[in-house]
Structure formats: structure tokens, C-alpha cells
Amino acid sequence: MSTATHRLRERLTPAPLVNAAGQIIEPGEASPFPVAHRVPTMLSERELNYLHWLGSTVPAGGQVVELGSFLGGSTAALVEGMRSSGRSHHPVLVYDAFLAPDSEACVNSWWMKPFGLRAGENFRSKYEALHAARLDRIAIREGWIPENADTPTQQRVYAEQRPIDVLFVDAAKSWGVHRTILQAFARHVKRGGVVVQQDFLDIQTPWLPIHMWQLRDLFRPLDHVKASPSMAFECIADPSRRVDQAWDLERFRDRDLREDTWNRVISYWSGLIGPAAGFLHGHAAKHAALVGDYGGVLGAARRYEGWLNSRDSDGVYATPTWSEILHGFAAAEPATTAAAIRDLAAESDVRRSLPRYASQSSATFLSYDMRSSYWHALIERLKQAGTTRIALFGAGAHTEWLLRSWWPQHAQGISIECILDDHAAKRDVLGVAVRRPSEAGISSRTAIVPSSDAHEETILARAGEMFGATHAILPVYTFERRAAAVHVQCAEPQLIRIDARHLEAEASHRAALGLPTRRPWIEAFSQRLGVPSWVKGYVNYRDAQFLWDLVEAVRPDTIAEIGTASGVSTGLLAAASDYFGGTTRPRGMVHSFDIADRCYFDQTRPVGSAALEALPQLRDLIELNPCRTAIDAARRFGVGEIDLAFIDGDHRHPTPTLDLLALLYALRPGAWVVLHDIELTEVAKVSRANGKLDWDVVTGAESLFHRWPFQKTQPQHPDAWANNIGAIKLPMNPGDAVSFLLEHLKEAWEIPDAAPAIHAALRSKAA
């Protein structure tokens, strides 16, 4: 069976989703949820995208009910999706107790700690603050959903009693609560409406697959959101009567009845998704534990563990706390099977430590656009290294996608010698020969590239065994995550094996900085470039090298950065300062300022988190200043105290110019100021040619750099879009730059709010 059949499909109904161009798309890609509207959440990006799309499909006058909002990531996605449709709807009914767990250990766990809540805290006010702009579209219902509620209570819980178009369920944390949800809410879902069970694939909620199978003639599987526990169901018949028959836990005290039910449930799902349905063995184990049948726990747990160790689990969500759950099962069982469960837990601990599963815990399942960006970066790295031939490792669905949809249009100049696969069941993939690694006989000049977005680490380990001593092995998706282990020997050839001579043509700017063309520190740089896997939209390696060039030239004691975001550039500047040292101090200090307190693309993380995560040993070189502007930065320092500045905040004109004006007299005379995104017009041309331009072109940094009348420099790559970073040098008398900056402010502003009035005032004053 091919890898493609092992993965749980996203669209489970025969009717595919198509976009405006008539292309078939996955539900998790149908309507990307804008970053600007996101709030802290435990949901994945694909889940948010799916909810955003669902919201956009709600008809006029429709009703959406959300059960379990937490801080409201799902709320924002649903509301903004509904807003995007332009139709009028009832306010989204939001149900949550808005109480953090009482346990200190719980609020400090890996899954709760990022949200900064106190044990037992009521966080409704935080929720309302996060959704201040959409409160008119939300109706809040604060409190717990009761277990096994009687009919009068059910009617009080959902007092509106309106037909429901979308029911999002993330509050079904017990058997009895889910029965209430079915009887109070699901009975009102109208035909064609959708029920989203956010915890469906999580083995700690066995009642969900039991009840949804029991009611399968009412709710048909519709969509699975890839790499998540979320499953959506379409209502196909009137549920108002049957939902009262949802089974309670007491029904399953009998082992034979319970196991027979699970056999039927697994058989049903196997008919839909094949061997991927093995995830349900984990649910069966949890179900057995709920009724105290630890013999049943052991049998089901062994089947689940076997499924986890098989290829049938490839790409399917697996509960990340499975090992801890097993240890809990063993602790609860006093005698007979406890030792066997502990042994299984120990096996699970070992399995989880292997590269394959370490990778799975943070595997990235990507949209076409995101995959495409990674492969564009790989092609660029190959060309930089002078490599023209590769062998793809892996003959599964990802390789078929690559060869069919991406490679012919985007990989000119790079040829594929063959495809490597240990389990080669086919002779070729779209005309490219498939060979076993032991029989490949490939040229030593051919680079090995894994072809999997889910299990790249596994393939890298296998490729290393077979070809590590003879061939370059180039990660695609996991490069940033692997490189995050700073000050540890780095095995990524795309940086270590770059010959500095290949970079000389585009490093001519180093002469303007008083440096030799060759970078003697290229290997040290590659070992210190750390980018955690959750980060996106950061400076690329070419930009990073430019930053190191400036630090090498200036040897600054004090660096000021405007625009922290995740903190990747903050960490790069700190690593460079640590490597080169300061002028009067052993190491310089990086002071980073950002107008926000949370990272703009991941609201669960404070600004600068990536720097502290990747470079904990350099914390003493980093000062983070959230909720601060360039004006605050200027106030932080005396006249001429800043040796080097990096302006990478809002790129809309006139913000970069205003940032520089604010810093002007805090910078020492003749200081260099680095500007990022100075070639967005050229970047946009490339994106437009590839059909991928989904962002507004802004030119604040670009116009400031190119119109700067004093000394400046940037890389000289043959492709203009690649020279997206540059530096301008202040005159020895900073006041000489003031007239230019004030004149530059008169250019048409890209910030719409206050621009007209201020722009007119400036022109009037100038006249």
C-alpha cells in the first residue's frame, strides 16, 4: 500500500472543494485566516483556516455556536470568516467557563504555560480585551456545561433554540458533558449544517468516536483537518429525536459489548480511511480504563503502540501525551497488568526518543504555498553551492506532488538523477526511476534530498546511514529546526559546505565596509544560525550574513533594533556580537524594541521568544523592550550612544523614515543603519510571476534606502529581489540628514489613518 493511502484524507466526502480557479483544494487550505486577526490559541494554523472557511459559508441569518472558546482563537476565525462573507448573521454564541485550571502544575505545563494564566484565574476579561473589535458579533455564555442534563436544563443551556449552521465543539471533556452537548445543541443542527469535533482524534475522548458512530445516519464524516485532532461532520437528517439515545458510560461495563462496539467503530472508519483508523485503538484503551478494565487497557494499548510503530500512522495525529497516559494507566492498576503496562510505557518512552518520532511531535504539514517556499529556498541553496543534480529520497505522495505540481515550473537548472526508496514498490514516479539506496550507484556529485513534509528527520537519519560519508544531504523542511541547536556541531551542509568563493560576487559590499571579500567566519556562522520551528517570516541566511558583515565591520558596543517580532534577527545580532566582540567591551549588547508585546504571527509567544529559545546562553547580551517605539529607544540612550541600528518594523512609508528621525541623535556620527525589505517591488515581481502574490507591496524602507543621498551599500546578487537588505551611513554631522528626511516625509504615505492631514500640513509648511 502506498504512503498516500496511509494518511488520513482531509476531504472525506466524495464532493471535493474547488477554488475560484477550479482547482481542487484541501479544507485546511480553503480560506487562510489572516495573521492580523489571530489571538492566542491551542489550535493549529490549518484548524484556524478551516474554521475561517466554515464561517464564510454560513448563510445570511445563520447561527454559529462555539462550545469551549478558551482565549478565542476559534472565535476569531469563525467571526472573521463570517464577516468576510458580507452577510448578516446572528452573533456567535460562545460558551466557556473562562477559568484556568486550579493546579499550578497544569497552568505551568508545556501546553498551558505560554498563555501566562494563573491557577484558578477567571480570564473572561482577557478574552473580551482580545476580541474588543468583534464583541458586537459575539454573545458570551459564561459557565460550565452540565453533565447528563435533563430536558429543562438542556433548554436553559441553549435558550435561543434556533437552528444551528455550525456547531464547534471543544468542550466535550467528559462522557456526560458530550451527552448534554448532543441533546442540548446537536439536536438543533439543521440539515447541511456542520458539527466540528475538535478532540475527535485525541485518545482521551473515546465518547466522541462512539457517539458519532452511533449517530452516523445523522452526522456523516465530512472533513478532517490534517495534522490535527479535528474532524467535521455534516448533518444529513433531522437529529432532534435520535440524539436523546446517545449511550452513557454505564452501558460499557461489559467487556464483550465494549470490544464488539470498538470493532464495529474501527471497521466503519477503516472503510473510510484505511489503516489510518488504527488511531482508534488508543480511544479503546482509554475507554477500558474509564470502566476499570485494565486487561482491556493492555490489549488496546498494545494495538495502538503497534499502530504508532507502523507506517499506517504516517501523517496521522497522535496524542502527544500517550506515554504519560500509559504511565497513568499503570499507576491506577494495582496488580495484574500494571507491570505489563509499565513495560509498554517504557517502550513508548524509547520510541518517542527516536528521530522519527521526535520529528513527528513537531512535524509540519504544509499548504502548497508553504511547501513551495521551502523548495524555492532549497533550489537557491543548491545554486549557491554549484550543485545541479539531486536524488530524491522517498517515493510517496509528497514526491508525486513535487514532480507533478511544482518541479516542472520552478526547478530549472536542477535535474533529478533518481528517486531512492527502501521499500520501492514501483519502478518510477512520473517517469523518474525509483531505486533502492543499496543499489542506487549515484554520482558523488549528486546531493541527497529527502522528499517528505512529515517525516524528513526519519529520512535524513536513513540517508545519513547510507550516504553520509560520500554525499551532501540537504534537508528541506527541517533545516531551521535542526539549526536551532546552536553551539552544537551542525550537520547541515547547505551552510557548512558553502564555499566562500561562491559568495564573493555578491559580497562586494564588504569592501565598502572596509572588509576583505571573503568571509572567514562562514562555518562559525552556520553553527550559530538558530531558528526554532514555529518561526516564520524571518531574515534569510543571505540577510543574516549581511548583518554579520555589519557587526564585523563596526564591532558595536551598543546595537538598537526596531521591530523585534519573533526575535530571529535579535539572536543573530547577539551571536555576531558574541563572536566578533565590541570596540570597548568584550561583547556588545543588543537592545530590541517592538510596538507589540506578542509576536505578530503567534500571539501565544512574547516578542523576542525565538532569540531566547535558540540562544539561552546569550541572554545577557539581549535586552527586549516590548510595547516600545523608536522614540522610546531614543530616550533609552544618550547622544551618540548607539553604534549600529537595524530598522525592521513597519515598512509602510513614512514609518522607517520616522524611526530613523527618532534615533538620529542617539546614533553616533557616521553610524551604519541597516534596513530590511528594501527590494519588495522586485520580490513582488517574482511572487506575481509565480502566481503567489498575496500581500500588499509597501515601499517605506525601499524608498528610504534608494533615495538616501549619502553613503550606502547592499549585496550585489544578480537577481535584484535577492538583495533585500542594505545599510545606509549617517553623515558625520547627523543634522545634515534632517533636511532630506523631512523632505522624504512629503512622499505619499502608505499608512492611511492620519496621513492625509499630516501630509497636507507638511506640504503647507514647506510652501
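What to note about this one:
- Every residue from the range 87-115 that is closer than 22 Å to W534 by Cβ and either β-branched (V, I, T) or surrounded by 15 or more Cβ atoms within 10 Å (Cβ to Cβ) (or both): V107, M112, P114, F115
- Matching residues in the range 25-69 - criterion: being within 29 Å of E121 (Cβ to Cβ) and in contact with a Pro (Cβ under 8 Å, 6 or more places away or on another chain): P40, H52
- Any hit, the range 238-253, residues being touching a helix residue (DSSP H, G or I) at 6+ places or on another chain (Cβ under 9 Å), surrounded by 17 or more Cβ atoms within 10 Å (Cβ to Cβ) and not in a helix (DSSP H, G or I): yes
- Within the range 313-330, the set of residues being of a type in the set (D, E) and in a helix (DSSP H, G or I) comprises E324 only.
- In the range 157-177, residue farthest from H90 (Cα to Cα) [restricted to those that are in contact with a strand residue (DSSP E or B) (Cβ under 8 Å, 6 or more places away or on another chain) and of a type outside the set (A, V, I, L, M)]: D170
- Checking the stated criteria, A633 turns out to be within 24 Å of G581 (Cα to Cα), of a type in the set (G, A, S) and surrounded by 15 or more Cβ atoms within 10 Å (Cβ to Cβ).
- Residue match in the range 445-453 (condition: within 19 Å of I379 (Cβ to Cβ) and surrounded by fewer than 20 Cβ atoms within 10 Å (Cβ to Cβ)): yes
- Candidates in the range 551-581 are the residues that are of a type in the set (S, T, N, Q) and not in a helix (DSSP H, G or I); of these, the one that is surrounded by the fewest Cβ atoms within 10 Å (Cβ to Cβ) is T558.
- Only one of L54, L43 that is modelled with pLDDT under 90 and either in contact with a helix residue (DSSP H, G or I) (Cβ under 6 Å, 6 or more places away or on another chain) or in the same structural domain as E160 (by TED's automatic domain parsing) (or both): L43
- Counted residues, the range 589-605 - those being assigned to a strand (DSSP E or B) and among the charged types (D, E, K, R): 3
- Applying the criterion of at least 3 residues that are under 19 Å from W53 (Cβ atoms) and in contact with a Cys (Cβ under 9 Å, 6 or more places away or on another chain) to the strands (runs of 3 or more DSSP E) found wholly in the range 164-230 leaves 189-197.
- Failed item, numbered, when A60 is tested on (1) within 13 Å of the chain's Cα centre (by Cα); (2) not in a helix (DSSP H, G or I): (1)
- A Cβ distance below 8 Å, combined with a sequence gap of six or more or placement on separate chains, defines the contacts here; from the range 459-474, residues that are assigned by TED's automatic domain parsing to the domain that holds A440 and assigned to a helix (DSSP H, G or I) reach residues that are among the small types (G, A, S) and surrounded by 20 or more Cβ atoms within 10 Å (Cβ to Cβ) in the pairs I459/G394; I459/S451; I459/S452.
- Some residue of the range 251-265 being in contact (Cβ under 8 Å) with a residue 60 or more places away in the chain and not hydroxyl-bearing (S, T, Y): no
- The condition (being over 34 Å from the mean Cα position of the chain (by Cα) and in the same structural domain as A76 (by TED's automatic domain parsing)) is satisfied by just one residue among R220, R258, R242: R242.
- Boolean, V65 is in contact (Cβ under 8 Å) with a residue 60 or more places away in the chain and assigned to a loop (DSSP other than H, G, I, E, B): no
- Residue in the range 409-426 that is touching a helix residue (DSSP H, G or I) at 6+ places or on another chain (Cβ under 9 Å), outside the structural domain of G315 (by TED's automatic domain parsing), touching a residue at least 12 places away in the same chain (Cβ under 8 Å) and hydroxyl-bearing (S, T, Y) present: no
- Residue pairs whose Cβ atoms lie under 6 Å apart, sitting 6 or more positions apart in sequence or on different chains, and linking a residue in the range 80-107 that is free of Cβ contacts under 8 Å to residues at least 60 places away in the same chain and assigned by TED's automatic domain parsing to the domain that holds Q154 to a partner that is surrounded by fewer than 14 Cβ atoms within 10 Å (Cβ to Cβ) and among the aromatic types (F, W, Y), are A97/W144.
- Pairing residues of the range 604-619 that are without any contact (Cβ under 8 Å) to a residue 12 or more places away in the chain and at negative phi with residues that are of a type in the set (S, T, Y) and in a strand (DSSP E or B), at Cβ distances under 9 Å and at least 6 apart in sequence or on separate chains, gives no pairs at all.
- Among residues of the range 117-151, those that are among the aromatic types (F, W, Y) and free of Cβ contacts under 8 Å to residues at least 40 places away in the same chain, counted: 0
The values are calculated or read from the model by the stated rules, or taken from the named source; none is laboratory data. Keep in mind the model is a prediction, meaning the values are calculated, not measured. Cβ sites come from the backbone with ideal geometry, for glycine too, and all protein chains shown count toward neighbours.
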